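The structure under discussion appears below in the form of structure tokens.
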Amino acid sequence: QLDWFCGYVRHFRIFVDDEEPAAFGELLEHPSMRYVQSIDLDIPGGRYADDRQFVIEMLGAQRRPCLKTLRLNSYVRGGNEPPIGDLDLAPLWTEAFPRLASLAVRARFVAPGALASHTLTSLTIDGEMTPAALAPLLASSLPALTELALYDTPDGFADKLAAAPLAGQLTKLELHPGDPEHYEQTGE
């Protein structure tokens, strides 16, 4: 789905085929994508398709000065199962997205990396994160962040977040603790 403005793609939503990453790369490199403002990616795949990191690598490889909204959703094709795949977001925290305001990521395991953005106002991560993976978030430089939603947070993370400088600037906070037994019993 493409939304055009003056010959350039302003918004696009696409299903990224994990078996054909080159086609996704060609789309991102097309000149009409130079001023894209919003990217919405669904990354369906088979139950055992774990390598979704190519999407992050390709996104972070090229500067997108107008990008304001990025949503990544990694899941099993044709099912109502929990998200799958491991995503390391570190390649996104470069100068590639100088205006990124909203980031939403859904995957089975997420490593946020050392977030550094002066424009990010909303961050949603729906995926299991280890305490070590969450540590950089607490020390991140996110002066504009006002909305934070985290799912599957480890025990004790709320206390650590309350003590972090980041907590004082938030106007909306959602923390959803992880429940491994719930996943095992229900698959949700």
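The values are calculated or read from the model by the stated rules, or taken from the named source; none is laboratory data. Note that the structure is a prediction, hence the values are computed from the model and not measured. Accessible surface is based on the protein model in full, side chains and every heavy atom, while ligands, DNA and RNA are left aside. Shrake-Rupley method; radii C 1.70, N 1.55, O 1.52, S 1.80 Å.
Structure above, values below:
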item	result
Carbon plus sulfur fraction of accessible area for the chain, probe 1.4 Å, in percent	53
Helical mean residue ellipticity (222 nm; -39500 (n - 2.57) per DSSP H run of 4+; nearest 500) of the chain	-5500 deg cm²/dmol
The chain, accessible area per residue, ligands and nucleic acids excluded (1.4 Å, Å²)	51
Hull-based mean projected area of the chain, where the convex hull spans the alpha carbons, in square nanometres	10.6
Within the chain, percent of DSSP bridges classed antiparallel, to nearest 5	10
